[in-house]
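Notes for the one structure printed next.
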Amino acid sequence: MSRLADNIEAVQLGTAAELLGHASDTLDDQDAGLEDLQRLARELNRALRDVRGCCVFSGVRPVASATAC
């Protein structure tokens, strides 16, 4: 089970890293429209939840939480 959790965590963290690059490209794109920015915000939200979940699962305590996941 631990190996499965590690693999899932690796995929989630890899996806978050790729999304950061995509976010930079989208924000630098002068032609990016509202739909592009909304999609980016949804994807970033999902990635942040996943990364937070990895941290909580690994025993890292969040400093503060504005809302529960």
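Among the residues of segment 42-51, none qualifies, meaning not one is at pLDDT 95 or above, polar (S, T, N, Q) and within 16 Å of the chain's Cα centre (by Cα).
Within segment 14-57, the residues that satisfy the criterion of being exposed (fewer than 14 other Cβ atoms within 10 Å of the Cβ) and in contact with a Cys (Cβ under 9 Å, 6 or more places away or on another chain) are Arg49, Val56. Evaluate segment 25-40: report whether one residue or more is within 24 Å of Leu4 (Cα to Cα), of a type outside the set (Val, Ile, Thr) and part of a helix (DSSP H, G or I). No.
The values are calculated or read from the model by the stated rules, or taken from the named source; none is laboratory data. All of these numbers come straight from a predicted model, not from anything done at the bench. When we count neighbours, we look across all protein chains shown, and the Cβ atoms used for this are built from the backbone with ideal geometry, even at glycine.
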